[in-house]
Amino acid sequence: MKKQSIALAITAALIAAPVFANPQQMDPNMPGMAGMHEATPAGVQGVGVVKAIDAVKGTITLQHQAIAAIGWPAMTMPFKLASPDLLKHVKVGDKVRFTLRPDGMASTVMSIELVQPE
């Protein structure tokens, strides 16, 4: 009798497994989802000051001005670098113009150049 109960429980679990393995798709019209699937500009321009460089991690921390194209206020944050070569001509304290591939806290600086003093 005990073996039949175990076999029945295993069979029931195997039958129910596909139900749990296939999660329900998210409704894009749910409250709070507006704008989540809108395209993000690929080459957003920004201006800022280099606050830190971590060549080992391949990051640069920029204190940047507001970036209206993606609705970001002025702030200081680290960015990944598309290439370590981008660090060749910049140092901490430099004012720079940069091109960004925005992706929240995983955004990447694609190009960077010094801003000439006015």
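The values are calculated or read from the model by the stated rules, or taken from the named source; none is laboratory data. For clarity, every value in this text was computed on a predicted model and none was experimentally measured. Here Cβ is always computed from backbone atoms with ideal geometry, including for glycine, and neighbour counts include all displayed protein chains.
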Original post:
Could you list, in sequence order, the residues of the range 76-116 that are at negative phi and free of Cβ contacts under 8 Å to residues at least 24 places away in the same chain?
Top reply: Ser83, Asp85, Lys88, Gln116
Subject >> Scope the range 62-93; condition in a strand (DSSP E or B) and over 15 Å from the mean Cα position of the chain (by Cα); matching residues >> reply: Leu62, Gln63, His64, Ile67, Met75, Thr76
Subject >> Answer residue from the range 101-114, given it is hydrophobic (A, V, I, L, M, F, W, C) and modelled with pLDDT of 95 or more and is farthest from Val47 (Cα to Cα) among those >> reply: Met110
**OP:** Give the number of residues within the range 98-110 that are surrounded by 15 or more Cβ atoms within 10 Å (Cβ to Cβ) and not in a loop (DSSP other than H, G, I, E, B).
**Re:** 7
**OP:** Being among the aliphatic types (A, V, I, L, M) and assigned to a strand (DSSP E or B) is the filter; apply it to the range 41-61 and report the residue that is surrounded by the most Cβ atoms within 10 Å (Cβ to Cβ).
**Re:** Ile60
